[in-house]
Amino acid sequence: MDRMLEQFLEVADAGSFAAASAKLLISQPALTYNIKKLEERMKVRLFERSSRGVRLTSYGETLYKSAHLMRRIYANAIESIDQLREEREHGISIGTGYSTWTQFFKDYLIRHHQAFPNVSINVSIGNMMSCMDHLLAGDISLFVGHIIPDFNNRSEVEFIPLGMAVDAYFVRPNHPLLEAQRRRDEIFAWPTCMAFPPENRKLEQRSDANEPRSDWFGHTFMSNSMGACIDVVLETDMVLVHSRQLSSYLERSGLVEIDMAPAEPVPRWLMGIYVLLERKSDPRILEVINAIEAFTPEFGLEPVD
(Lines give C-alpha, C1' and ligand atoms only; values in the text may rest on other atoms or scores of the structure.)
Protein backbone atom coordinates (compact mmCIF):
# COMPACT_ATOMS: atom_id res chain seq x y z
CA MET A 1 0.00 0.00 0.00
CA ASP A 2 1.06 3.63 -0.50
CA ARG A 3 3.69 4.58 2.11
CA MET A 4 2.07 7.94 2.91
CA LEU A 5 -1.30 6.29 3.51
CA GLU A 6 0.31 3.80 5.89
CA GLN A 7 1.91 6.68 7.78
CA PHE A 8 -1.40 8.55 7.81
CA LEU A 9 -3.12 5.54 9.40
CA GLU A 10 -0.41 5.22 12.04
CA VAL A 11 -0.70 8.90 13.02
CA ALA A 12 -4.49 8.64 13.21
CA ASP A 13 -4.32 5.48 15.35
CA ALA A 14 -1.56 6.82 17.65
CA GLY A 15 -3.12 10.27 18.07
CA SER A 16 0.26 12.00 17.84
CA PHE A 17 3.18 12.39 15.45
CA ALA A 18 5.70 11.53 18.18
CA ALA A 19 4.09 8.16 18.98
CA ALA A 20 3.60 7.31 15.29
CA SER A 21 7.19 8.21 14.37
CA ALA A 22 8.48 5.96 17.17
CA LYS A 23 6.39 3.04 15.93
CA LEU A 24 7.32 3.63 12.28
CA LEU A 25 11.01 4.08 13.16
CA ILE A 26 11.31 7.36 11.25
CA SER A 27 12.05 10.86 12.50
CA GLN A 28 9.16 13.07 13.53
CA PRO A 29 10.14 15.87 11.07
CA ALA A 30 10.15 13.36 8.20
CA LEU A 31 6.73 12.03 9.23
CA THR A 32 5.32 15.56 9.57
CA TYR A 33 6.66 16.43 6.12
CA ASN A 34 5.09 13.33 4.51
CA ILE A 35 1.68 14.01 6.06
CA LYS A 36 1.88 17.61 4.86
CA LYS A 37 2.65 16.37 1.33
CA LEU A 38 -0.37 14.03 1.57
CA GLU A 39 -2.60 16.94 2.62
CA GLU A 40 -1.29 18.94 -0.32
CA ARG A 41 -2.08 16.05 -2.63
CA MET A 42 -5.60 15.78 -1.20
CA LYS A 43 -5.97 19.60 -1.11
CA VAL A 44 -7.58 19.37 2.35
CA ARG A 45 -6.47 19.28 5.97
CA LEU A 46 -6.51 15.77 7.36
CA PHE A 47 -5.60 16.52 10.99
CA GLU A 48 -6.40 19.20 13.52
CA ARG A 49 -3.34 19.79 15.68
CA SER A 50 -3.34 20.78 19.34
CA SER A 51 -1.05 20.58 22.36
CA ARG A 52 -2.65 17.25 23.26
CA GLY A 53 -1.92 15.71 19.86
CA VAL A 54 -3.91 15.42 16.65
CA ARG A 55 -7.39 14.35 15.67
CA LEU A 56 -8.94 13.68 12.28
CA THR A 57 -10.91 16.32 10.39
CA SER A 58 -14.07 15.26 8.54
CA TYR A 59 -11.90 14.85 5.44
CA GLY A 60 -9.46 12.80 7.47
CA GLU A 61 -12.28 10.56 8.73
CA THR A 62 -13.33 9.83 5.16
CA LEU A 63 -9.78 9.02 4.09
CA TYR A 64 -9.25 6.92 7.23
CA LYS A 65 -12.19 4.61 6.41
CA SER A 66 -11.08 4.19 2.79
CA ALA A 67 -7.41 3.71 3.69
CA HIS A 68 -8.31 0.98 6.23
CA LEU A 69 -10.26 -0.84 3.52
CA MET A 70 -7.35 -0.44 1.09
CA ARG A 71 -4.98 -1.85 3.72
CA ARG A 72 -7.14 -4.98 4.14
CA ILE A 73 -7.49 -5.45 0.39
CA TYR A 74 -3.74 -5.03 -0.07
CA ALA A 75 -2.96 -7.47 2.75
CA ASN A 76 -5.38 -10.05 1.28
CA ALA A 77 -3.80 -9.66 -2.15
CA ILE A 78 -0.29 -10.16 -0.75
CA GLU A 79 -1.44 -13.25 1.16
CA SER A 80 -3.09 -14.73 -1.94
CA ILE A 81 -0.02 -14.05 -4.06
CA ASP A 82 2.27 -15.60 -1.45
CA GLN A 83 0.07 -18.67 -1.24
CA LEU A 84 -0.07 -19.05 -5.02
CA ARG A 85 3.71 -18.59 -5.31
CA GLU A 86 4.32 -21.19 -2.61
CA GLU A 87 2.01 -23.66 -4.34
CA ARG A 88 3.68 -23.10 -7.69
CA GLU A 89 7.13 -23.45 -6.17
CA HIS A 90 6.32 -26.54 -4.10
CA GLY A 91 4.04 -28.14 -6.68
CA ILE A 92 1.08 -30.41 -6.12
CA SER A 93 0.47 -34.02 -5.10
CA ILE A 94 -1.87 -36.04 -7.33
CA GLY A 95 -3.07 -39.63 -7.25
CA THR A 96 -4.00 -41.93 -10.10
CA GLY A 97 -4.88 -45.54 -10.70
CA TYR A 98 -2.39 -48.03 -12.13
CA SER A 99 -4.14 -48.20 -15.48
CA THR A 100 -5.19 -44.55 -15.54
CA TRP A 101 -1.55 -43.53 -15.35
CA THR A 102 -0.69 -45.49 -18.50
CA GLN A 103 -3.99 -44.72 -20.16
CA PHE A 104 -3.77 -40.93 -20.22
CA PHE A 105 -2.54 -39.30 -17.02
CA LYS A 106 1.11 -39.71 -17.96
CA ASP A 107 0.55 -37.64 -21.11
CA TYR A 108 -1.24 -34.91 -19.17
CA LEU A 109 1.55 -34.60 -16.59
CA ILE A 110 4.22 -34.45 -19.29
CA ARG A 111 2.41 -31.50 -20.85
CA HIS A 112 1.96 -29.93 -17.42
CA HIS A 113 5.71 -30.20 -16.85
CA GLN A 114 6.42 -28.65 -20.23
CA ALA A 115 4.17 -25.70 -19.37
CA PHE A 116 5.55 -25.32 -15.80
CA PRO A 117 9.05 -26.85 -15.84
CA ASN A 118 9.97 -25.54 -12.39
CA VAL A 119 6.89 -26.89 -10.60
CA SER A 120 7.34 -30.17 -8.76
CA ILE A 121 4.70 -32.87 -9.14
CA ASN A 122 4.29 -35.77 -6.72
CA VAL A 123 2.28 -38.68 -8.15
CA SER A 124 0.91 -41.50 -5.99
CA ILE A 125 -0.08 -44.54 -8.06
CA GLY A 126 -2.40 -47.13 -6.56
CA ASN A 127 -5.86 -48.63 -6.82
CA MET A 128 -8.90 -46.45 -6.24
CA MET A 129 -9.30 -47.30 -2.56
CA SER A 130 -5.66 -46.58 -1.72
CA CYS A 131 -5.94 -43.29 -3.63
CA MET A 132 -9.06 -42.45 -1.63
CA ASP A 133 -7.24 -43.22 1.61
CA HIS A 134 -4.44 -40.85 0.59
CA LEU A 135 -6.96 -38.17 -0.39
CA LEU A 136 -8.85 -38.32 2.92
CA ALA A 137 -5.54 -38.25 4.81
CA GLY A 138 -4.48 -35.10 2.96
CA ASP A 139 -1.48 -36.77 1.30
CA ILE A 140 -2.75 -35.88 -2.17
CA SER A 141 -4.91 -33.02 -3.45
CA LEU A 142 -6.96 -35.02 -5.95
CA PHE A 143 -6.89 -38.22 -7.93
CA VAL A 144 -8.12 -39.45 -11.28
CA GLY A 145 -9.68 -42.84 -11.89
CA HIS A 146 -12.85 -44.91 -12.06
CA ILE A 147 -15.78 -44.04 -9.85
CA ILE A 148 -15.84 -46.12 -6.67
CA PRO A 149 -19.17 -47.99 -6.42
CA ASP A 150 -21.25 -47.36 -3.29
CA PHE A 151 -18.63 -45.12 -1.71
CA ASN A 152 -20.22 -43.76 1.46
CA ASN A 153 -18.14 -40.62 2.22
CA ARG A 154 -20.07 -38.49 -0.25
CA SER A 155 -20.18 -35.54 2.14
CA GLU A 156 -16.38 -35.28 2.17
CA VAL A 157 -15.47 -35.65 -1.48
CA GLU A 158 -16.79 -34.67 -4.88
CA PHE A 159 -16.51 -36.76 -8.03
CA ILE A 160 -16.17 -34.72 -11.23
CA PRO A 161 -17.06 -36.91 -14.25
CA LEU A 162 -14.75 -36.90 -17.26
CA GLY A 163 -16.18 -39.62 -19.48
CA MET A 164 -16.85 -43.32 -19.91
CA ALA A 165 -14.17 -46.00 -20.25
CA VAL A 166 -15.25 -49.09 -22.21
CA ASP A 167 -14.17 -52.65 -21.50
CA ALA A 168 -12.26 -54.51 -24.20
CA TYR A 169 -10.66 -57.94 -24.37
CA PHE A 170 -7.10 -58.71 -25.43
CA VAL A 171 -5.31 -61.96 -26.28
CA ARG A 172 -2.04 -63.19 -27.75
CA PRO A 173 -1.61 -63.23 -31.54
CA ASN A 174 -3.18 -66.28 -33.27
CA HIS A 175 -5.53 -66.91 -30.35
CA PRO A 176 -8.65 -68.92 -31.42
CA LEU A 177 -10.92 -66.06 -30.31
CA LEU A 178 -9.47 -63.87 -33.08
CA GLU A 179 -10.94 -66.07 -35.81
CA ALA A 180 -14.35 -64.34 -35.74
CA GLN A 181 -16.42 -61.67 -34.00
CA ARG A 182 -17.28 -62.74 -30.48
CA ARG A 183 -19.96 -62.38 -27.84
CA ARG A 184 -18.99 -61.84 -24.19
CA ASP A 185 -20.18 -65.30 -23.17
CA GLU A 186 -17.80 -66.80 -25.74
CA ILE A 187 -14.94 -64.72 -24.41
CA PHE A 188 -15.62 -65.59 -20.78
CA ALA A 189 -15.61 -69.28 -21.61
CA TRP A 190 -11.82 -68.83 -21.64
CA PRO A 191 -9.67 -68.12 -18.57
CA THR A 192 -9.42 -64.41 -17.88
CA CYS A 193 -6.79 -62.07 -16.52
CA MET A 194 -7.18 -58.64 -14.89
CA ALA A 195 -4.68 -56.02 -13.78
CA PHE A 196 -6.27 -54.94 -10.52
CA PRO A 197 -5.00 -55.28 -6.96
CA PRO A 198 -7.97 -56.34 -4.77
CA GLU A 199 -8.23 -54.91 -1.27
CA ASN A 200 -11.18 -56.65 0.37
CA ARG A 201 -10.72 -55.09 3.78
CA LYS A 202 -10.61 -51.45 2.68
CA LEU A 203 -13.35 -51.88 0.13
CA GLU A 204 -15.75 -53.35 2.66
CA GLN A 205 -15.00 -50.53 5.10
CA ARG A 206 -15.83 -47.87 2.50
CA SER A 207 -18.80 -49.45 0.72
CA ASP A 208 -22.48 -49.44 1.51
CA ALA A 209 -22.73 -52.85 -0.13
CA ASN A 210 -21.94 -56.00 1.85
CA GLU A 211 -19.72 -57.45 -0.89
CA PRO A 212 -17.24 -55.97 -3.39
CA ARG A 213 -18.24 -55.78 -7.03
CA SER A 214 -18.32 -59.33 -8.33
CA ASP A 215 -16.51 -58.54 -11.60
CA TRP A 216 -13.37 -57.53 -9.68
CA PHE A 217 -12.74 -61.13 -8.66
CA GLY A 218 -12.97 -64.65 -10.02
CA HIS A 219 -10.36 -64.25 -12.74
CA THR A 220 -7.78 -66.94 -13.38
CA PHE A 221 -4.93 -64.49 -12.92
CA MET A 222 -4.83 -61.09 -11.21
CA SER A 223 -1.92 -58.80 -10.50
CA ASN A 224 -1.20 -55.20 -9.59
CA SER A 225 1.42 -55.27 -12.38
CA MET A 226 0.22 -54.65 -15.92
CA GLY A 227 3.55 -56.00 -17.16
CA ALA A 228 2.96 -59.29 -15.37
CA CYS A 229 -0.52 -59.58 -16.88
CA ILE A 230 0.81 -58.92 -20.37
CA ASP A 231 3.55 -61.52 -19.94
CA VAL A 232 1.04 -64.15 -18.82
CA VAL A 233 -1.45 -63.43 -21.61
CA LEU A 234 1.27 -63.52 -24.29
CA GLU A 235 2.31 -67.01 -23.14
CA THR A 236 -1.16 -68.56 -22.49
CA ASP A 237 -4.72 -68.61 -23.82
CA MET A 238 -5.91 -66.19 -21.13
CA VAL A 239 -7.98 -63.13 -22.04
CA LEU A 240 -6.96 -59.78 -20.55
CA VAL A 241 -9.98 -57.69 -19.52
CA HIS A 242 -9.13 -54.03 -19.67
CA SER A 243 -10.19 -50.61 -20.91
CA ARG A 244 -10.34 -50.04 -24.67
CA GLN A 245 -8.72 -46.66 -24.04
CA LEU A 246 -5.51 -48.59 -23.34
CA SER A 247 -5.66 -50.59 -26.60
CA SER A 248 -2.77 -48.79 -28.36
CA TYR A 249 -0.47 -49.45 -25.39
CA LEU A 250 -1.49 -53.12 -25.18
CA GLU A 251 -1.14 -53.60 -28.93
CA ARG A 252 2.38 -52.12 -28.79
CA SER A 253 3.06 -54.74 -26.10
CA GLY A 254 2.08 -57.51 -28.48
CA LEU A 255 -1.57 -58.15 -27.58
CA VAL A 256 -4.50 -58.09 -29.99
CA GLU A 257 -8.01 -56.79 -29.24
CA ILE A 258 -10.86 -59.22 -29.85
CA ASP A 259 -13.42 -58.03 -32.39
CA MET A 260 -16.82 -57.91 -30.69
CA ALA A 261 -20.07 -59.03 -32.29
CA PRO A 262 -22.33 -56.18 -33.50
CA ALA A 263 -24.61 -54.72 -30.80
CA GLU A 264 -22.95 -56.86 -28.14
CA PRO A 265 -23.29 -54.94 -24.83
CA VAL A 266 -19.94 -54.17 -23.22
CA PRO A 267 -19.48 -52.74 -19.70
CA ARG A 268 -18.70 -49.03 -19.47
CA TRP A 269 -17.19 -47.35 -16.40
CA LEU A 270 -17.43 -43.71 -15.39
CA MET A 271 -14.06 -42.02 -14.96
CA GLY A 272 -13.37 -38.68 -13.32
CA ILE A 273 -11.62 -36.63 -10.67
CA TYR A 274 -12.04 -37.10 -6.93
CA VAL A 275 -11.32 -34.00 -4.85
CA LEU A 276 -11.99 -33.03 -1.24
CA LEU A 277 -14.84 -30.51 -1.08
CA GLU A 278 -12.89 -28.33 1.34
CA ARG A 279 -10.03 -28.00 -1.16
CA LYS A 280 -11.98 -27.68 -4.39
CA SER A 281 -12.09 -23.86 -4.13
CA ASP A 282 -8.29 -23.67 -3.82
CA PRO A 283 -7.10 -21.75 -6.92
CA ARG A 284 -4.25 -24.20 -7.55
CA ILE A 285 -6.55 -27.22 -7.33
CA LEU A 286 -9.08 -25.54 -9.61
CA GLU A 287 -6.32 -24.84 -12.11
CA VAL A 288 -5.35 -28.51 -12.24
CA ILE A 289 -8.98 -29.67 -12.47
CA ASN A 290 -9.66 -27.27 -15.34
CA ALA A 291 -6.49 -28.39 -17.12
CA ILE A 292 -7.42 -32.08 -16.81
CA GLU A 293 -10.96 -31.37 -18.06
CA ALA A 294 -9.55 -29.45 -21.03
CA PHE A 295 -7.26 -32.41 -21.80
CA THR A 296 -10.16 -34.91 -21.57
CA PRO A 297 -10.95 -35.08 -25.35
CA GLU A 298 -7.51 -36.62 -25.85
CA PHE A 299 -8.21 -39.37 -23.31
CA GLY A 300 -10.39 -41.26 -25.80
CA LEU A 301 -13.24 -41.53 -23.26
CA GLU A 302 -16.81 -41.80 -24.45
CA PRO A 303 -19.30 -39.07 -23.48
CA VAL A 304 -21.22 -39.51 -20.23
CA ASP A 305 -24.79 -40.63 -20.86
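The values are calculated or read from the model by the stated rules, or taken from the named source; none is laboratory data. Computed from a predicted model, the values in this text were never measured in an experiment. Quick reminder, even Gly has a Cβ in these numbers, built from the backbone with ideal geometry, and neighbours come from all protein chains shown. Just so you know, the surface numbers come from the protein's heavy atoms only, side chains and all, with ligands and any DNA or RNA stripped out. Shrake-Rupley method; radii C 1.70, N 1.55, O 1.52, S 1.80 Å.
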What do you reckon, is I292 within 29 Å of A228 (Cβ to Cβ), surrounded by 11 or more Cβ atoms within 10 Å (Cβ to Cβ), modelled with pLDDT of 90 or more and under 24 Å from the mean Cα position of the chain (by Cα)? no
Could you grab me the full set of residues in region 41-53 that are assigned to a helix (DSSP H, G or I) and open to solvent by 100 Å² or more (accessible area, probe 1.4 Å)? R41
Regarding E302, is this residue touching a residue at least 60 places away in the same chain (Cβ under 8 Å), charged (D, E, K, R), under 20 Å from F159 (Cβ atoms) and in contact with a strand residue (DSSP E or B) (Cβ under 7 Å, 6 or more places away or on another chain)? yes
In region 54-69, anything open to solvent by 100 Å² or more (accessible area, probe 1.4 Å) and touching a Gly at 6+ places or on another chain (Cβ under 9 Å) is listed as R55
Taking the condition within 24 Å of H242 (Cβ to Cβ), buried (at least 16 other Cβ atoms within 10 Å of the Cβ) and at pLDDT 85 or above, does G97 pass? no
Tell me the residue from L234, L246, L255, L276 that is open to solvent by less than 20 Å² (accessible area, probe 1.4 Å), more than 30 Å from A137 (Cβ to Cβ) and either modelled with pLDDT under 85 or of a type outside the set (S, T, N, Q) (or both), please. L255
When every residue in region 226-240 that is part of a helix (DSSP H, G or I) and under 31 Å from the mean Cα position of the chain (by Cα) is compared, the one nearest to G254 (Cα to Cα) is I230
